[in-house]
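**Q** One structure, as structure tokens, below. Some questions next.
The values are calculated or read from the model by the stated rules, or taken from the named source; none is laboratory data. All of these numbers come straight from a predicted model, not from anything done at the bench. When we count neighbours, we look across all protein chains shown, and the Cβ atoms used for this are built from the backbone with ideal geometry, even at glycine. SASA here: full protein model, heavy atoms, side chains in, ligands and nucleic acids out. Shrake-Rupley method; radii C 1.70, N 1.55, O 1.52, S 1.80 Å.
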Amino acid sequence: MRDKYFKILGLKPGASKEEIKKAYRKSALKYHPDRKDGDPEKFLLIIEAYEYLTIESDQSNIISDYEFYANQSKTADSNVKRGKKHYTPEEFEEKLKWAKQKYQEKKYQEAIEDDRYFKSLTTGWKFKYFLFLTIISSALSFIFLLDNLLATNRVDSYVNFKDTMGEHTVPSQDVRYVEIDNQPLFIALKDFPTIFNEDRVTTHKTPIFNEIKSIHAINAFGEEVIIHPKFSVISTFPLVVIILLLPLFVILYKRRNPFFIFLYLTCAFVSPLIIAILMIVNDRWAILFS
């Protein structure tokens, strides 16, 4: 019996309650009789399957009064036949009315649960935490924006390390790792020969975090070459700025829908990690508070 109900909902036996609930929502909405392409018989079976699979095994007999079967064939007296039972059109309409009522009850219960969960996220200590996170993240976004837009400082820099053996590689990327003024950088492989024999280069650094925005060196032909680092906050601008502004977007958006909840939970857990990584790399936290 259980396997049949799992099959009705398009699930494998042993599916979780959350998977059952999700499949029920999708199927009931698709086959609802009020829809133009709805299927009343399929809708009845979906309601029955959901009712059966979401109650305890020792209560499964409760559903026996509402068992319906999928295969329909026309009889001489125009009755509706399902499995071993026969229902007159009036009986079938009564069963369909019951199924619609169950569907509305479930929708109402789910709406109450969704509203309660939404309020738990947008009130109390959870919301205060998210507001604090939003303020910190937005402030850092503004700082990174200024750091990229303001004029750079020209600095005589030291090349501390050059990955001549290609030990520090990035998969599918033609880059080489170098350290200039102890800042870890990746530069294009074609630019690596320019600083291969150099111990000192000229760099242009941002005014706040001292990020190396560009490297100026002399190549083998005596020409000045401008090298731009890869995979840095500066080279991917404005990606980091946008990511840090996501919590603010969530606050401004604030809707009772799954998209809001997804963004809220993603920012609540991921944004602190992103902020921590950004502050630790290149000792930005020390620069910011010095």
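**Q** What nm distance separates the two modelled labels at ASP3 and ARG25, each placed 7 Å from Cα along Cα→Cβ?
**A** With each label placed 7 Å out from Cα toward Cβ, I get 3.0 nm.
**Q** Report the paramagnetic label zone for PHE221: residues of the stretch 186-214 whose backbone N is under 13 Å from a point 7 Å from Cα along the Cα-to-Cβ axis.
**A** Counting only backbone N, you get no residues.
**Q** Please compute one quarter of the surface area of the Cα convex hull for the stretch 190-290 and express it in square nanometres.
**A** The number I arrive at for the stretch 190-290 is 8.9 nm².
**Q** If you don't mind, there's one more thing I want to ask. If the limit is 20 Å between Cα atoms, which of LYS42/LYS107; LYS106/LYS254; LYS30/LYS119; LYS17/LYS106; LYS22/LYS95 go over it?
**A** Numbers: LYS42/LYS107 18 Å; LYS106/LYS254 25 Å; LYS30/LYS119 29 Å; LYS17/LYS106 14 Å; LYS22/LYS95 23 Å.
From the list (LYS42/LYS107; LYS106/LYS254; LYS30/LYS119; LYS17/LYS106; LYS22/LYS95), the Cα-Cα distance tops 20 Å for LYS106/LYS254; LYS30/LYS119; LYS22/LYS95.
**Q** Let me ask something else about it. Tell me, what is the FRET efficiency for PHE249 and ASP156 to the nearest 0.05, using R0 = 35 angstrom and their Cβ-Cβ distance as r?
**A** Between PHE249 and ASP156 the formula returns 0.25.
**Q** With every protein chain left in place, what is the accessible area per residue of the stretch 119-202 in square angstrom, probe 1.4 Å?
**A** 60
**Q** Out of the trypsin sites (Lys or Arg not before Pro) in the stretch 136-192, which ones are loop residues according to DSSP with at most 11 other C-beta atoms within 10 Å? Spell out each step's value before the answer.
**A** Numbers: sites: ARG154, LYS162, ARG176, LYS190; in loops: none.
Counting only loop positions with at most 11 other Cβ atoms within 10 Å, none of the trypsin sites (Lys or Arg not before Pro) in the stretch 136-192 qualifies.
**Q** Please list LYS102, LYS17, LYS12 in order of solvent-accessible area, largest first, computed with a 1.4 Å probe with all protein chains present.
**A** From most accessible down to least: LYS12, LYS17, LYS102.
**Q** For VAL281 and PHE127, FRET efficiency with R0 = 30 Å and r from the beta-carbon atoms, rounded to 0.05?
**A** For R0 = 30 Å, the calculated efficiency reads 0.50.
**Q** By how many degrees, between 0 and 90 and to the nearest 10, does the Cα long axis of helix 17-31 differ from the longest principal axis of the chain?
**A** In the chain, helix 17-31 runs at an angle near 70 degrees to the longest axis.
**Q** Can you spot the lysines whose alpha carbon is less than 17 Å from LYS213's alpha carbon? Ignore those fewer than 8 places along the same chain.
**A** LYS205, LYS230
**Q** Taking 0.36 nm per intervening residue step and subtracting the Cα-Cα distance, what contour gain separates GLN109 from ILE136 on full extension?
**A** The GLN109-ILE136 span can extend by a further 6.0 nm.
**Q** Right, another one. How large a share of the accessible area of the chain, in percent, is made up of carbon and sulfur atoms when the probe is 1.4 Å and the other protein chains stay in place?
**A** 58
**Q** At 0.36 nm per residue, minus the direct Cα-Cα distance, what do ASP163 and GLU93 gain on full extension? Give it in nm, one decimal, please.
**A** 17.5 nm
**Q** Around THR134, under 15 Å between beta carbons, what's the net of Lys plus Arg minus Asp minus Glu among the other residues?
**A** Counting the neighbours of THR134, the net charge comes to +3.
**Q** Let me ask something else about it. With the contact rule set at Cα under 8 Å and sequence spacing of 6 or more, what percent relative contact order holds for the stretch 153-285?
**A** It rounds to 17 percent for the stretch 153-285.
**Q** I would also like to ask the following. How much accessible area does THR202 have with a 1.4 Å probe, in Å² rounded to the nearest 10?
**A** 20
**Q** Next up: Express the relative contact order of the chain as a whole percentage, based on alpha carbon pairs under 8 Å and six or more residues apart in sequence. Walk me through the numbers on the way to the answer.
**A** On the way: 332 pairs, mean separation 34.3, N = 290.
Reported relative contact order: 12 percent.
**Q** What residues qualify as long-range amide H neighbours of PHE161, i.e. H under 5 Å apart, gap of 5 or more or another chain, H built at 1.01 Å from N?
**A** Here the answer is GLU179, since their amide H atoms fall under 5 Å of that of PHE161.
**Q** Using the Kirkwood radius over Cα pairs, work out the Stokes-Einstein diffusion coefficient for the chain at 25 °C and 0.890 mPa s, in µm²/s as a whole number.
**A** Rounded, D is 98 µm²/s.
**Q** May I ask you to derive the FRET efficiency for ASP34 and TYR117 from their Cβ-Cβ distance with R0 = 30 Å, giving the value to the nearest 0.05?
**A** 0.65
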